[in-house]
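K.L.:
Below is one structure. I have some questions about it.
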Amino acid sequence: MAIDVDTARKVAKLARIAVPESELSKVAKELSGILKFMERLNEVDVTNVQPMTSVTPMELKLRRDEITDGNQQVSVLANAPDTKEGFFAVPKVVE
Amino acid sequence: MLDLTYDTPKPTTISGAKYDWELVIGLEVHAQVASKAKLFSGASTLFGAEPNSNVAFVDAGMPGMLPVINEECISQAVKTGLGLNAQINLYSAFDRKNYFYPDLPQGYQISQLYHPIVGEGEVLVYLEPGKAKVVRIERIHLEQDAGKSIHDMDPNTSFVDLNRTGVALMEIVSKPDIRSAEEATAYISKLRQIMRYLGTCDGNMQNGNLRADVNISVCRPGDYEKYQTSQDFSNLGTRCEIKNMNSLKFIQQAIDIEARRQIGILESGGTISQETRLYDPDKGETRPMRSKEEAHDYRYFPCPDLLPLNLKQDWVDNISSNLIELPDQKRLRFATDYMLSDYDAGVLTADLETSKYFEAVAKGRDQKLSANWVINELFGRLKRDTDKSITDSPITHSQLGEIIDLITSSEISGKIAKDLFEIVYTEGGSPSEIVDKRGMRQVSNTAEIENALDIIIRENPNQVTKARENPKLAGWFVGQVMKSTGGKANPKLVNELVQKKLVS
């Protein structure tokens, strides 16, 4: 599957990555190359093979329903460009 | 599964300018899982805390933080699934739904698109008396809630609170089986009732713990039946989704308004475009959501941070065998065991607390009398008292039981019982002590009643003549005796004496 310039532009926008218009055809070509490389895997017959989710036989780890975290408003907000009264302050988003 | 002794309602027809139309509605209900900690972190789920104080670094989307699932949220989802007679999937897995929004710091929501924890089920939705219908459930999946944005605190800035970020939600998706605004709200109420019975969601809509996305389309009469036989959606109209509704009243309004809008477009030759809309109760309209227009490409993929969830059948069986009696079963049992009407049984099983209260009152007592006192007197009184709920009742079940005992043993009359109820309700205290102290005991002494009746007969010769001519008028004497004894005379005895002296 080949990625055209329009698709590259859309994917960049959805991922919130600024790609200048002049770079788009290069990006499209690189993405197409990656996909083409991955497509070689389609040559392998995986009928009746379960998808592998882990290289070792592991079970999903569970946590107990206990409060063990939180109460760290200062740390949570520490990297925010702007805060007000304990909130993150962001450019207005209104529906 | 359920023996339907109810009639299924006919779909509501909406008359447009040119044609008749019918509604088709499917609901996605988001129910907050009742748990102490969040779905993938150890931060508290408590509502109303200081902003950004119930936040772990996992919730804030800090680099390198890994989610670890809360086992209680899993069992709550399974319990809910069992309560909705649904298939429990022993294998389920988590996926990432990618989009950007200020209240979603991870940049994706962890959800279950491909392998939800609960599959198909069904619920019986009661409508008006004697009518009910089955609404099929498509699936329930577990997912993270987003944070909360506040837009009205500053003209140029939105404020973001991540306390709700990462709290576990169950998204309960129905099939398009709902055919009117009333059915939609009755369906949500039924889900709420079942989850409150199970203790899996508190159902508080005001706090946003239960919200719904409403999918609405319209079709011409006959089209829905074609869909039903073929399960082919192309027989139905294009749907629009109204997002994030947390009030039953607004849901009802929004459905009616959106249906009118779609009918207007179709009748003037237009087409409906599938889109996400918002309901504005102030303007009484629905309008498209701008932000969601291009965001529909969520690029779902399996979450690489989480292994699939494998449940053991005996673990599920254990939850299943310990499940409490569900509302439908309880309603049926109340109707049968207590010989109540289906309606009364429905009222008494509306929530778990009410049903417990009633059963405590009715134990060892006259069932119909107990039901009447709980439904008519107690509920009526609580409603007048600024809509108090049964848990706030100033009268305990044992106090009410004692009042009923005093009636059945003929120690007080039904009328006095109402006065006594009011005294116990407002002042508290032991009903039998109040009866003794305030001389409310019923007069069952024949001589005393006869004496009172004789005086009235002596003083009202005209009434006596009338009563002898027309026995129906003898009732006047009963009323007078009751009055002169302050309502305390045993009405049965008074009646007998009046009959004896004036009629026969």
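K.L.:
Yes or no: residue B:64 among the small types (Gly, Ala, Ser) and more than 20 Å from residue B:32 (Cβ to Cβ)?
P.N.:
The answer is yes for residue B:64.
K.L.:
Now, a different point. Any idea which of (1) within 17 Å of residue B:198 (Cα to Cα); (2) free of Cβ contacts under 8 Å to residues at least 60 places away in the same chain; (3) not aliphatic (A, V, I, L, M) is the one residue B:85 doesn't satisfy?
P.N.:
Looking at each condition in turn, residue B:85 falls short on (2).
K.L.:
Need a quick list: helices (runs of 4 or more DSSP H) entirely within segment B:274-350 having at least 1 residues that are closer than 28 Å to residue B:94 by Cα, modelled with pLDDT of 90 or more and within 14 Å of chain A (Cβ to nearest Cβ).
P.N.:
Details: elements: B:313-321, B:327-337, B:342-348.
So the answer is B:313-321.
K.L.:
While we're looking at this one, here's another question. Kindly state which helices (runs of 4 or more DSSP H) lie completely within chain A and contain at least 2 residues that are in contact with a Ser or Thr (Cβ under 8 Å, 6 or more places away or on another chain) and within 10 Å of chain B (Cβ to nearest Cβ).
P.N.:
By residue number, A:73-77.
K.L.:
I've got another one for you. Based on what the data block shows, is residue B:54 open to solvent by 10 Å² or more (accessible area, probe 1.4 Å), at the interface with another protein chain (Cβ under 8 Å from one of its Cβ atoms), in a loop (DSSP other than H, G, I, E, B) and not aromatic (Phe, Trp, Tyr)?
P.N.:
yes
K.L.:
Mind counting the residues in segment B:36-50 that are open to solvent by 20 Å² or more (accessible area, probe 1.4 Å) and within 13 Å of chain A (Cβ to nearest Cβ)?
P.N.:
So the answer is 5.
K.L.:
With the structure loaded, tell me whether residue A:54 is open to solvent by less than 70 Å² (accessible area, probe 1.4 Å), hydroxyl-bearing (Ser, Thr, Tyr) and in contact (Cβ under 8 Å) with a residue 12 or more places away in the chain or whether it fails that test.
P.N.:
When the stated conditions are applied, residue A:54 does not pass them.
K.L.:
Cβ-Cβ under 9 Å, sequence separation 6+ or interchain: first residue in segment B:443-463 and within 17 Å of residue B:486 (Cβ to Cβ), partner of a type in the set (Gly, Ala, Ser) and modelled with pLDDT of 85 or more. Which pairs?
P.N.:
What qualifies is B:443/B:452.
K.L.:
Quick one: in segment B:77-98, which of the residues that are touching a helix residue (DSSP H, G or I) at 6+ places or on another chain (Cβ under 8 Å) and open to solvent by less than 40 Å² (accessible area, probe 1.4 Å) is nearest to the other protein chains (Cβ to nearest Cβ)?
P.N.:
Here the answer is B:98.
K.L.:
Just to be sure I understand the filter: pairs with C-beta atoms under 6 Å, separated by 6 or more residues or on different chains, first member in segment B:130-147 and under 23 Å from residue B:8 (Cα atoms), second member at pLDDT below 95 and of a type in the set (S, T, N, Q). Which pairs pass?
P.N.:
Final answer for the pair search is B:133/B:8.
K.L.:
Here is a follow-up. Taking residue B:221 as meeting all but one of (1) open to solvent by 30 Å² or more (accessible area, probe 1.4 Å); (2) over 22 Å from residue B:15 (Cα atoms); (3) not acidic (Asp, Glu), write down the number of the exception.
P.N.:
It is condition (2) that residue B:221 fails.
K.L.:
Within segment B:59-76, can you find the residues that are aliphatic (A, V, I, L, M) and either open to solvent by less than 10 Å² (accessible area, probe 1.4 Å) or within 16 Å of residue B:145 (Cα to Cα) (or both)?
P.N.:
Listed by number, the residues that qualify are B:60, B:68, B:69, B:74.
K.L.:
Are any of the residues in segment B:244-253 part of a loop (DSSP other than H, G, I, E, B) and free of Cβ contacts under 8 Å to residues at least 12 places away in the same chain?
P.N.:
no
The values are calculated or read from the model by the stated rules, or taken from the named source; none is laboratory data. It should be emphasised that the depicted structure is a prediction, and the values quoted were computed from it without experimental measurement. All Cβ positions, glycine included, derive from the backbone under ideal geometry; neighbour counts span all protein chains shown. Please note that ligands, DNA and RNA were not included when accessible areas were found on the heavy atoms of the full protein model with its side chains. Shrake-Rupley method; radii C 1.70, N 1.55, O 1.52, S 1.80 Å.
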